[in-house]
Amino acid sequence: MNWITPLLLFVVTWLAVFASTQFAPLTGWLGVPLAFVPGVIVYAALTHHLLLTTGLCIFAGLGVDALSANRLGVSVVPMFLAGFIIHNRRHLILRDQAYAQFWLGLATAVFVPLATLTMMSFGQREPLRGWSTVWQLTLSGGLNGALCPAWFLLFDALRRTFDYQPVAESSFRPDRQIKRGRF
């Protein structure tokens, strides 16, 4: 595998973490912080090896925690768990189907905040819960469900552009002559 594709994956993740903080009027109107990272985690878990997925989850989790009110590192474990579960079941998942990508993006976008909320409830300060949490999970899940096929299109286009394409080889040797007909 070429080193450019994982580098672009980390750069896009970094941009997605910062893009989630740049829509303040929309975030204030909806009441939901926009999270673009779970769809990227789904793509990495389905297409790359576990070491790269783990590094991406750590990088994205620390980035999200650095730009939010969460304690540093609390988002790393939920993102890793989501990536690890998807990576271990990727042979059962229809990776190229848009509806599977949608549902995986939605499930990951709901799982990561719920697991983060659960981990935060173990601390001294109790996080806020209520009907607004259901609204936030619904909207975040729908957004990531819609964005996940777009992430797949973007990263597949980047992979086709920068990775080496496999050469189709013939089953016949080029130095052999095939004579057809009678001897």
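The values are calculated or read from the model by the stated rules, or taken from the named source; none is laboratory data. Small disclaimer: the values here were computed from a predicted structure and weren't measured. For neighbour counting, all protein chains shown are included, and Cβ atoms are generated from backbone atoms with ideal geometry for every residue, glycine included.
Points to keep in mind about this one:
Each row is one residue, and each column tells you yes or no for (1) more than 25 Å from residue 6 (Cβ to Cβ); (2) basic (Lys, Arg); (3) outside any helix (DSSP H, G or I).
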position: 93; (1), (2), (3): no, no, yes
position: 105; (1), (2), (3): no, no, no
position: 112; (1), (2), (3): no, no, no
position: 129; (1), (2), (3): yes, yes, yes
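- Residue match in the stretch 96-103 (condition: in contact (Cβ under 8 Å) with a residue 40 or more places away in the chain, closer than 27 Å to residue 3 by Cβ and assigned to a helix (DSSP H, G or I)): yes
- Considering the stretch 33-43, the residues that are within 12 Å of the chain's Cα centre (by Cα) and in a loop (DSSP other than H, G, I, E, B) include one that is surrounded by the most Cβ atoms within 10 Å (Cβ to Cβ), namely 35.
Conditions tested, residue by residue: (1) hydrophobic (A, V, I, L, M, F, W, C); (2) more than 11 Å from the chain's Cα centre (by Cα).
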site	(1), (2)
3	yes, yes
21	no, yes
31	no, yes
53	no, no
71	no, yes
94	yes, yes
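- When 98, 150, 157, 168 are checked against the criterion of being more than 17 Å from residue 44 (Cβ to Cβ) and at pLDDT 85 or above, 98 stands alone in meeting it.
Each row is one residue, and each column tells you yes or no for (1) among the small types (Gly, Ala, Ser); (2) buried (at least 17 other Cβ atoms within 10 Å of the Cβ); (3) within 22 Å of residue 150 (Cα to Cα).
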| site | (1), (2), (3) |
| --- | --- |
| 45 | yes, yes, yes |
| 67 | no, no, no |
| 71 | no, no, no |
| 74 | no, yes, no |
| 89 | no, no, yes |
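- With respect to the conditions (1) part of a helix (DSSP H, G or I); (2) over 23 Å from residue 91 (Cα atoms); (3) not aliphatic (A, V, I, L, M), residue 68 lacks only one, and its number is (1).
- Cβ-Cβ distances below 9 Å connect the following pairs, each with a first residue in the stretch 25-41 that is of a type in the set (S, T, N, Q), a second residue that is surrounded by fewer than 24 Cβ atoms within 10 Å (Cβ to Cβ), and a separation of six or more residues or different chains: 27/20; 27/21; 27/33; 27/34.
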